[in-house]
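What follows is a set of notes on a single structure, which appears directly below.
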């Protein structure tokens, strides 16, 4: 049974719960684990996301990487990371020559206005990235 | 409860063409950071890994984290090498396991 007291207590709990945020150190170590410590270079990666997001619960996002996707030259992994969600990791995609093109899409959650980082690891070990700033008006994880 | 999944592939494709596979599965993707009506944290319950196999060969995989929206949607590419069966599998917490298959016709 849902009483007014339960609803109020739950609402209060949501308000009083400390906002869980990833720290810059957590983001750095998550990205270092993905890249194997390689310093990412900016370029080749295109992170496609709306700059202004009404609803952070379901945000369409697509990542493209400029690569011929041949056996000799292809993208091995694509990673997506957030600065201020509770955890920095979003998803890691594993691709190969069978993919044909390096283009993936999904729908993600965004806790607040922040910077997203998309990274690609090539088969030659080089790492490329693009960072995108997004503004979120309704955050994920607030309503039940 | 039966799990619903959608797997979309083009009706037909040419050999050498790159097609887009789209897959969705019914799942709450509970983050483990939300508070329930009793004031306690709701246990984390995620789809952790999705894989695509074409005639038994793995052609795609993805690791998912709490920042993926509920009922996870994924779109990924595949270079068509011939007719065959594409199978997508979802695996996650609390023993979650589901698969869906679609035939790719490349005359």
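The values are calculated or read from the model by the stated rules, or taken from the named source; none is laboratory data. Keep in mind that what you see is a predicted model, and the values were worked out from it rather than measured. Every residue, glycine as well, gets a Cβ built from its backbone with ideal geometry; the counts of neighbours run over all protein chains shown.
Observations on the model:
- Checked against the criteria, residue A:29 does not count as in a loop (DSSP other than H, G, I, E, B) and modelled with pLDDT under 95.
- Residues of region B:35-82 satisfying the condition of being out of contact with any helix residue (DSSP H, G or I) (no Cβ under 7 Å at 6 or more places or on another chain), buried (at least 18 other Cβ atoms within 10 Å of the Cβ) and farther than 23 Å from residue B:4 by Cα: B:80
- Apart from one condition, residue B:17 fits all of (1) surrounded by 13 or more Cβ atoms within 10 Å (Cβ to Cβ); (2) without any contact (Cβ under 8 Å) to a residue 24 or more places away in the chain; (3) out of contact with any strand residue (DSSP E or B) (no Cβ under 7 Å at 6 or more places or on another chain); the exception is (2).
- The residue that is nearest to residue A:136 (Cα to Cα), counting only those in region A:78-110 that are more than 7 Å from chain B (Cβ to nearest Cβ) and in contact with a helix residue (DSSP H, G or I) (Cβ under 7 Å, 6 or more places away or on another chain), is A:83.
- Residue selected from region A:37-53 under the condition over 15 Å from the mean Cα position of the chain (by Cα) and modelled with pLDDT of 90 or more, by the criterion farthest from residue B:22 (Cα to Cα): A:39
- Some residue of region B:36-56 being over 14 Å from residue B:10 (Cα atoms), facing chain A (nearest Cβ under 7 Å) and part of a strand (DSSP E or B): no
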